[in-house]
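As structure tokens, the structure follows; a few thoughts come after it.
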Amino acid sequence: MTEPGWYDDPDGGGGQRWWDGVRWSEHAIAPAAPAATTATAAPTAPPPGAAVAVPPGAVPPPPGAVLPPPPPGAAQGATRSGGVAVGPDSASPSATTGSGAWAGSAGAGRSRGGRGVRPPLLVLLGMVVLVGVGALAVSLLRGGDEPGGTEVTAGIGEAAGTGEMAATGVTAGEQHRFTVPEDGQWELVIEVPAGMLVLDVRGLDGFDPVAALIDAGGQEIDRNDDRSMEQLERWGGGVFDSLIEREVPAGTYRVVVTGFAGQGGAGELTLPVVGG
């Protein structure tokens, strides 16, 4: 058992605390000021029978505890930093080193390392916010790479500086692959001669396309979701594929493909007849 005496304060700070032979007491000595040049007089024990004041609210010492002498500069009634209560299983100071090191005892499972400083909550929140803002910025910057309402394919281009889709002349047998985003559309502006125009729109991997044909004035002149039995026998494809057959005057037209009920997917547009 460690003898009663003054030992380095286990809470740190450079001061000392009284070990009464059973537990750490509330009596502490503040560390000496750096500018002090004179040695502190050694503490003297109180005369036999002298009454020792107990700080307000302090727990009376257990039987057998040795009360500390009143050292110069001792902080009476000071509470231990951190508000950590010391119970009967707390470790005692090492009797062999005379320092504030913890010695193994009934509380050997504890270590002062377990009282490390946690990362500040505000720092963690700030890091989360920064990561979120960075992810949003990357998403916005890369937004132009995602499929939009119009997919640029062979034979399609934008008129320079206008933002409008440039019309392109088409010939019979041309094919165009397309991708329709969810709740979006794909479109192709074509220039055709007068005569029969056939638009064969087929979905891939279960995609159910809906095709529409719009004239130069913005008027929808034809629309088809599922082809008829007659169209299936003549043109093939699937029952859920779209097919438009229409006599049109020469001019510019817009082919718009959407997904049934806002579905997204890919497919192919074929023009088997142009001006026929």
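The values are calculated or read from the model by the stated rules, or taken from the named source; none is laboratory data. If you're wondering where the values come from, they're calculated on a predicted model, not measured in any experiment. A quick note on method: Cβ atoms are made from the backbone with ideal geometry, for glycine too, and the neighbour counts reach across all protein chains shown. Surface areas here come from the heavy atoms of the whole protein model, side chains and all, with no ligands, DNA or RNA. Shrake-Rupley method; radii C 1.70, N 1.55, O 1.52, S 1.80 Å.
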When region 215-249 is examined, which residues are found to be touching a residue at least 40 places away in the same chain (Cβ under 8 Å), closer than 21 Å to R177 by Cβ and not in a loop (DSSP other than H, G, I, E, B)? S242, L243, I244
Count - residues of region 232-265 that are open to solvent by less than 30 Å² (accessible area, probe 1.4 Å) and under 26 Å from P193 (Cβ atoms): 11
Within the bounds of region 252-264, is there any residue that is assigned to a helix (DSSP H, G or I), under 21 Å from G173 (Cβ atoms) and either out of contact with any Leu (no Cβ under 7 Å at 6 or more places or on another chain) or in contact (Cβ under 8 Å) with a residue 60 or more places away in the chain (or both)? no
Qualifying residues in region 17-31 (those that are open to solvent by 30 Å² or more (accessible area, probe 1.4 Å) and touching a residue at least 24 places away in the same chain (Cβ under 8 Å)) - the one farthest from the chain's Cα centre (by Cα): V22
Enumeration of residues in region 201-214 that are assigned to a strand (DSSP E or B) and small (G, A, S): G203, A211, A212
